[in-house]
Each structure stands twice: as structure tokens, then as C-alpha cells.
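Heads up, the thing below is written out as C-alpha cells.
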Amino acid sequence: MKKVLVCKETIEAETRVALIPDDIKRLTGMGFEFTVVSGAGLKSGIADSEYEAAGAKIVKSEEEGLKDAEIIVRILKPASTKGMNPGSLHLSYLDPFNEKALLREFASSNVQAVSLEMIPRTTLAQKMDVQSSQTSLAGYVAVLNAAARQTKILPMMVTPAGTINPARVFIIGVGVAGLQAIATAKRLGARVDAFDTRPVVEEQVKSLGANFVKIDLGEMGQTEQGYAKELTPEQVEKQREGQAKVCEKSDIIITTAKVFGRKAPVLIKKDVLDRMRPGTIVVDMAVSTGGNVEGSSPDREVVTDNGVIILPGDMLERQVPRDASKMLSGNIYAFLTHFYNKESKEFEVRLEDEIMKGCLITKDGAIIHERFKEA
Ligand code: NAD
């Protein structure tokens with residue numbers, strides 16, 4: 001397999017593209033052949049001519065490109081598998097826990113479907129980890145959006161007319177997005193507080209020059225993969241109480257607290273929102289998995305009765321598509337090269353490889369992934 005089709009995203013809100021010309025050039029040098037649907041890179045600032053200069057052929061439509069495609073890459077799940085060649089490999093986000101019918105369609109069309117979100121988050125697969133590459137950009141954007149909407153500046157300023165104190169930013173949940181949010185807020189001059197239930201995070205927060213908020217929740221910890229363990233309802237209540245005072249004092253709050261495979265905990269409820277100053281900006285980055293903030297919305301701004309502004313916090317990486325596409329393309333480049341056989345000069349589906357085993361959902365007309373077999 002070496003003939004790759006790069007699709008144009010069909011959803012209006014999607015601004016990214018799955019592969020950029022630099023990576024196509026490198027992969028072409030190895031023996032891959034590329035076809036790109038015209039306009040695929042436009043929203044990321046990439047013209048068709050740049051793809052052509054990198055060695056790709058441009059086609060007018062996806063339908064045309066699918067005809068001889070052996071590997072199909074795109075970001076979002078496809079509407080259907082229509083036109084895809086039997087035996088071909090399709091690489092994209094698939095939302096496999098919620099898209100059982102699509103998984104069955106991939107199986108019945110005999111298309112091998114790789115789910116980008118299922119690539120194991122191991123050290124070896126770090127270069128292919130789309131979640132990390134995209135959410136770190138989202139953490140950066142969250143701070144910029146909040147800063148642009150806040151009526152107060154972030155840095156301290158000493159002027160003859162008076163002194164402006166730095167803004168206070170509170171980051172709840174310090175994983176990939178939270179760390180980038182802390183770093184960004186610090187660079188803009190804010191005073192930053194942060195909290196996470198994983199004890200190892202305290203050191204990381206301090207090393208970025210932020211203050212770690214101490215809340216004693218008793219037994220906490222993390223899974224072997226580095227994810228937070230789910231708190232008991234009593235612990236969540238304790239956390240809400242413990243962090244309420246910091247929320248009241250903050251000008252910007254960014255929440256990123258997620259628990260892998262479960263609904264996100266509601267960490268800021270109406271009673272605390274009611275006690276916050278009008279004009280406080282809250283960005284709920286956990287909104288797609290249930291939300292950390294009561295009343296938050298994935299795609300629109302919400303203003304509470306007392307004037308707290310809750311900004312949408314989902315898919316913020318789409319606001320910086322040029323770099324988000326670069327990172328995503330780097331992830332896909334790493335995937336394609338990992339399974340490239342130097343002798344045959346072909347991409348190989350090696351099922352014995354832990355990475356492939358983790359993310360390949362369908363093969364030979366069946367759903368083969370253990371977690372989705374029952375679909
Ligand atoms: P995530 O998106 O699942 O969660 C975000 C953060 O929310 C985490 O730091 C989590 O501890 C925190 N959280 C959960 N419940 C909370 C609560 N009640 N209050 C406050 N915070 C809460 O996680 P993520 O950002 O994708 O990654 C988390 C960690 O996983 C990383 O820091 C890293 O250690 C590990 N990781 C490893 C790899 C790898 O090895 N390739 C890749 C990515 C992440």
C-alpha cells in the first residue's frame with residue numbers, strides 16, 4: 001500500500017487538514033504516492049500549488065481520488081464508506097464508542113479503519129498522539145480567548161497614573177492542555193493558580209512558576225497510563241468547596257479536568273458562579289465530555305445572571321489551523337513511517353504491533369478490535 005488520498009474536510013467548522021506539503025514531500029521521497037483533493041489545505045493557509053510542488057497530484061473531488069486510493073487520510077469520520085476500495089486503509093478520528101453503525105459499514109465494505117483517538121498513548125507512540133498534539137494548542141488558545149474577552153489586562157503595569165495588578169488565572173486540571181494554559185498565562189504576565197488531583201502534577205505546576213492550590217481530598221492518584229482516577233462524590237464536593245475561594249478571586253478560570261472514558265466531574269456549580277465577580281471569564285475545555293462548569297455550552301458563549309462569561313471550550317485548536325494541521329500531519333507522518341517496510345517500499349498493516357492492535361478497528365470484513373467487537 002502506497003497510494004494515499006488526502007481528503008478535504010466536509011464540515012464547515014473544520015479548518016484543519018490531515019497532511020501538509022512538507023510531510024508529503026518526505027513521504028514521497030520514501031516511495032508513497034499522494035493525491036490531494038483540491039482545496040484541502042485552504043483553511044490552513046496551504047494552496048493546491050504547494051501540494052503539487054511537494055509531489056502530489058490534485059483531483060477535483062474525493063470521488064475521483066478514491067478510485068485508486070489504497071490509504072485514505074482525513075481528520076473527521078467520513079459520512080460513509082461509499083467509493084472506498086475493498087482492502088484499503090482509512091485513517092481518521094472515528095468516535096468509535098458512539099459510531100457503531102459506521103464501524104459496521106467499514107467492516108461490510110471491507111475497509112480497514114484506523115481510529116486516531118485509539119492510538120495507544122505509550123512512549124513509543126508519542127509522536128502519533130493526536131490528542132496531545134491538538135489539546136496543547138487548545139490550551140494556548142483558551143488563554144488567548146479569555147484574555148481577549150477579559151476587561152482587565154493580564155500583566156502587572158506600573159505607570160505614573162497608577163499600578164495595575166496582574167490578572168489572576170486559575171487552571172483546574174493540569175494535563176496536556178492545562179500545562180500549556182499555565183505556560184501561556186505566565187508568558188502574558190498573569191498570576192497563575194492551578195489544581196489537579198494527580199499528586200505528580202504539583203512539581204510540574206511549580207516548575208512553570210505557578211502556585212499549586214492544596215486541597216486535601218484523601219486518597220487520589222493516577223492510572224498506569226497517567227490518567228486521573230475518578231473521585232468519589234464526597235471528594236468532588238470537597239474539591240468544589242476547597243477551590244471556591246480561588247474561583248472567587250480569579251479573573252480567568254480555565255477548566256480541563258477529564259477522567260478517561262467517563263463523564264467529566266462538575267467542578268464549578270451555580271452557587272460558586274454566583275459568587276464570582278461580573279466579567280470573570282471561564283473556559284470549560286471539558287465541555288465535550290459533560291463539562292466541568294454548570295451551564296457551559298460547547299459552541300456558544302453563556303453569560304450568567306451575575307455577568308460571569310463562560311466561553312465555549314471545545315475544539316479550540318481549530319482556531320490555529322496552520323499549526324494544528326502541522327502537528328496532526330506530524331502525527332500521521334509518524335504513523336505512516338512506523339508501518340513502512342523499507343524493503344517492499346510499502347505500508348504494512350502489522351497486527352502484531354501494539355500500536356496497530358490498539359487502533360485498527362476493522363479488517364477482512366469484520367470488526368476485530370476487542371473493545372468494539374460486540375458492535
Ligand atoms: P485528560 O484530558 O484525561 O485530563 C486532563 C487533566 O484533568 C488531567 O491532568 C487529570 O489529572 C485532571 N483531572 C481529572 N479529574 C480532575 C479533578 N477532579 N480536578 C482537577 N483535575 C482533574 O488528560 P491528558 O491531559 O490527556 O493527560 C494526562 C496525563 O496523561 C499527562 O499529563 C501524562 O502524564 C499522561 N499522558 C501520557 C502520554 C504518553 O505517554 N504518550 C500521552 C498523553 C498523556
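What do you reckon, is Ile171 part of a helix (DSSP H, G or I), touching a strand residue (DSSP E or B) at 6+ places or on another chain (Cβ under 6 Å) and either aliphatic (A, V, I, L, M) or closer than 18 Å to Thr280 by Cβ (or both)? Criteria not met by Ile171.
Only one of these conditions is not met by Arg198: (1) assigned to a helix (DSSP H, G or I); (2) charged (D, E, K, R); (3) under 19 Å from Gln131 (Cβ atoms). Which number is it? Every listed condition holds for Arg198 apart from (1).
Scan region 109-151 residue by residue and report those that are in a helix (DSSP H, G or I), among the hydroxyl-bearing types (Ser, Thr, Tyr) and either at pLDDT below 95 or more than 28 Å from Leu66 (Cβ to Cβ) (or both).
Kept after step one, since they are in a helix (DSSP H, G or I), are these residues of region 109-151: 116-118, 126-128, 130-149.
Okay, now just the ones that are also among the hydroxyl-bearing types (Ser, Thr, Tyr), so 132-133, 135-136, 140.
Once the filter is applied, which keeps residues that are in a helix (DSSP H, G or I), among the hydroxyl-bearing types (Ser, Thr, Tyr) and either at pLDDT below 95 or more than 28 Å from Leu66 (Cβ to Cβ) (or both), region 109-151 yields Ser132, Thr135, Ser136, Tyr140.
Kindly establish whether Glu219 is more than 10 Å from the ligand (Cβ to nearest atom) and either modelled with pLDDT of 95 or more or not in a loop (DSSP other than H, G, I, E, B) (or both).
Numbers: more than 10 Å from the ligand (Cβ to nearest atom): yes; either modelled with pLDDT of 95 or more or not in a loop (DSSP other than H, G, I, E, B) (or both): no.
Taking the combined requirement at face value, the residue does not satisfy it.
Within region 312-334, how many residues are in contact with a strand residue (DSSP E or B) (Cβ under 7 Å, 6 or more places away or on another chain) and in a helix (DSSP H, G or I)? The number of residues fulfilling the criteria is 1.
Would you list the helices (runs of 4 or more DSSP H) that sit entirely within region 1-108 and hold 1 or more residues that are of a type in the set (Asp, Glu) and either assigned by TED's automatic domain parsing to the domain that holds Arg262 or at positive phi (or both)? Can you show your working first?
Details: elements: 21-30, 48-53, 62-66, 100-108.
Output list is empty.
Among the residues making up region 282-311, those that are outside any helix (DSSP H, G or I) and among the hydrophobic types (A, V, I, L, M, F, W, C) are Val282, Val283, Met285, Ala286, Val293, Val302, Val303, Val308, Ile309, Ile310, Leu311. Residues of region 249-266 being buried (at least 16 other Cβ atoms within 10 Å of the Cβ) and more than 10 Å from the ligand (Cβ to nearest atom), which ones? The answer is Ser250, Asp251, Ile252, Ile253, Ile254.
Residues in region 230-275 that are in a helix (DSSP H, G or I), closer than 29 Å to Pro166 by Cβ and of a type in the set (A, V, I, L, M): Ala244, Val246, Val272, Leu273.
Being free of Cβ contacts under 8 Å to residues at least 60 places away in the same chain and either more than 14 Å from the ligand (Cβ to nearest atom) or over 22 Å from Gln134 (Cα atoms) (or both) is the filter here; which residues of region 178-195 pass it?
Just the residues of region 178-195 that are free of Cβ contacts under 8 Å to residues at least 60 places away in the same chain, to begin with: 179-180, 182-184, 186-189, 191-195.
Thr184, Lys186, Arg187, Leu188, Gly189, Arg191, Val192, Asp193, listed by residue number.
A Cβ distance below 9 Å, combined with a sequence gap of six or more or placement on separate chains, defines the contacts here; from region 256-272, residues that are without any contact (Cβ under 8 Å) to a residue 24 or more places away in the chain reach residues that are within 9 Å of the ligand (Cβ to nearest atom) in the pairs Gly261/Tyr227.
Under the condition of being more than 19 Å from Leu179 (Cβ to Cβ) and touching a Pro at 6+ places or on another chain (Cβ under 8 Å), which residue from region 106-163 is nearest to the ligand (Cβ to nearest atom)? By that ranking, first place goes to Glu117.
The values are calculated or read from the model by the stated rules, or taken from the named source; none is laboratory data. None of the values given here were measured: they were computed from a predicted structure. Please note: Cβ atoms are built from the backbone with ideal geometry, for glycine as well, and neighbour counts cover all protein chains shown.
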